[in-house]
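To keep things clear, I will list the structure first and then write my remarks on it.
The values are calculated or read from the model by the stated rules, or taken from the named source; none is laboratory data. Computed from a prediction, not measured in an experiment: that's the story for all the values here. Virtual Cβ from ideal backbone geometry, glycine too; neighbours counted across all protein chains shown.
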């Protein structure tokens, strides 16, 4: 719409698009309102819309994802949380904590250390999707309560993974950011339900997913009405065996070109090696990542899951100091 378009003109265009058979999604920026018309109708003349009062320009979107595309919200999306923390914009948000919640003492110790170092989110697994059915599967709701307790004590937000639809109502009172793991990136039934939830979602890239497939999964969330979506590059499976996965740093600037959604990086899962987490975290921030998801454990050698990729608290503290130097060099600051 034109910058000076009135609310009445905007509503008239929305009504016309609905009558043409489209579903309309509205994005209101600082200067302009953008209307995304999504539907299966192929034959229509865009001039019928261009001539309506208040319309600035009309474009057909050729990409399969419409709402996730950069031109739906050219200024970029900033996901804002109640305590003032933002993911997107000029801030770099850091999410840190153990792979799995193991005990109250462990969670409180890790939360205190990562908060002191500057992390704004406490991450931790309550339900763990493991490759083997015989490994630790998480503490469930007890873990969620411990995460909430620790986060509240140290002034943090909670991010934890939801694995299935039935867990959503259980997690809502405890979690500020619902994480969809790599194995569930194309669990479309789960994505549809999360699209109805009015709580931010962190969507991880699947281990063999293309960037387009990642953005199409994000489209499911936005099509359901949830516009607070953050995508995550967490490494893809390649022929290389030295690292657990291959962290695709190039995906960060590519996603930021194609989409308005913020993107964070997970160098812990992306490499699977403690000694490679810090250099890849530094590279991700330099490449434009809006945040980092990092595993930290107070005693990683005895961790029940993913100890080899978890940083010691002192290593995390050192990394945060390095990021405070790198972020301003690329026009950013730590949240």
Helices (runs of 4 or more DSSP H) contained in the range 232-335 and holding at least 3 residues under 15 Å from the mean Cα position of the chain (by Cα), closer than 21 Å to residue 209 by Cα and not assigned by TED's automatic domain parsing to the domain that holds residue 179: none
The range 15-31: number of residues that are surrounded by 16 or more Cβ atoms within 10 Å (Cβ to Cβ) and over 18 Å from residue 219 (Cα atoms): 2
Some residue of the range 74-97 being closer than 17 Å to residue 33 by Cα, part of a helix (DSSP H, G or I), in contact with a strand residue (DSSP E or B) (Cβ under 9 Å, 6 or more places away or on another chain) and modelled with pLDDT under 95: no
